[in-house]
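Below is one structure; the comments refer to it alone.
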Amino acid sequence: MGRACSKYNDQDEFLYDPKLLENLDWAFVLQFLNPPITNEQPGEEWLLVRPLKLSDFDRGYLQILSQLTNVGNVSKANFESQFQKMRNTGGHYITVIEDTKINKIIGSASLITEFKFIHECALRGRLEDVVVNNTYRGKQLGKLIVLTVTLLSKKLGCYKMSLDCKDALIPYYKSLGYKSEPGNSNSMMNRFEKEDPS
Ligand SMILES: CC(C)(COP(=O)(O)OP(=O)(O)OC[C@H]1O[C@@H](n2cnc3c(N)ncnc32)[C@H](O)[C@@H]1OP(=O)(O)O)[C@@H](O)C(=O)NCCC(=O)NCCS
């Protein structure tokens, strides 16, 4: 493994290849961040943006998700089984922010990709399960993780990325370049093609 990947010393544990997070097209979205940060330069040296790892069960990953919705009773065995299913199926790009000072996951967003026959066998992305630990909010980390998976979907060749959100979060996603679908303002899209099919 080259020097550039030295922070990823346990490749087998990742849900997806961490190299996919290198050289994302931040110029496309830097206007939405002030001050500018990226997944490779997240503002603080102890923050690491990376794919979910099998060992993140022990870094409080499910506790973070419980700030989003009900997680229920998930044992380590359940977690590992579901993780392996996601990895084997492909198309699951759960991306997290780790605070390496305390060895804890403090933010997460999921990109799920979907192969289509329509639009000449297009690939579509969906944004799911966005959350930042409540003690870390208001520092642009939510924007960072949403924009990271948005740019990842662009890099993977998705023609659009979509999400569903509550009314209160519509302005939040608008501030990150997402637009509401006509007639359904809670369904929001970020389209990457100039002349875009619907
Ligand atoms: C939504 C969430 C991810 C934002 O994370 P964050 O790190 O605090 O957000 P950022 O620091 O990047 O951005 C802050 C901006 O988002 C806005 N914002 C944050 N949470 C918001 C909310 N719940 N509703 C509306 N606006 C919100 C803030 O007002 C702020 O606006 P400003 O930039 O104009 O000042 C976080 O509040 C969270 O985890 N909430 C609980 C889970 C959730 O609701 N997830 C979204 C599911 S669609």
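Here are the numbers for the structure shown:
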read-out	value
Beta bridges per DSSP with both ends in the chain, % antiparallel, nearest 5	90
Dipole moment magnitude, nearest 20 debye, the chain about Cα centre, only Lys, Arg, Asp, Glu C-beta charged	200
Relative contact order (percent, whole number), the range 1-121, Cα cutoff 8 Å, 6+ residue spacing	26
CD proxy at 222 nm, helix term only [per DSSP H run n ≥ 4: -39500 (n - 2.57); per residue of the chain; nearest 500]	-6000 deg cm²/dmol
FRET efficiency estimate (nearest 0.05) - Cβ-Cβ, K116 to K85, R0 25 angstrom	0.70
The chain: angle of helix 76-89 to the longest principal axis, Cα-based, in degrees nearest 10	40
For the range 12-94, accessible area per residue (1.4 Å probe, heavy atoms of protein chains only), Å²	55
Zero-based 5 Å bins, Cα pair distances in the chain, whole percents	1, 7, 15, 20, 21, 17, 11, 5, 1, 0
Sparsely packed chymotrypsin sites (Phe, Trp or Tyr not before Pro) within the range 33-78, loop by DSSP, other Cβ within 10 Å at most 16	W46
Accessible surface of the range 3-191, 1.4 Å probe, proportion on carbon and sulfur as whole %	49
On Cα atoms only, tilt of 141-156 relative to the major axis of the chain in degrees	70
Spin-label zone in the range 78-104 - amide nitrogen under 19 Å from a point set 7 Å from the Cα of F28 along the C-beta vector	91-96
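The values are calculated or read from the model by the stated rules, or taken from the named source; none is laboratory data. Treat the numbers as computed from the prediction; the structure is a model and nothing was measured. So basically every Cβ, Gly included, is an ideal-geometry build from the backbone, and we count neighbours across all protein chains shown. Accessible surface areas use protein heavy atoms only, side chains included; no ligands, DNA or RNA. Shrake-Rupley method; radii C 1.70, N 1.55, O 1.52, S 1.80 Å.
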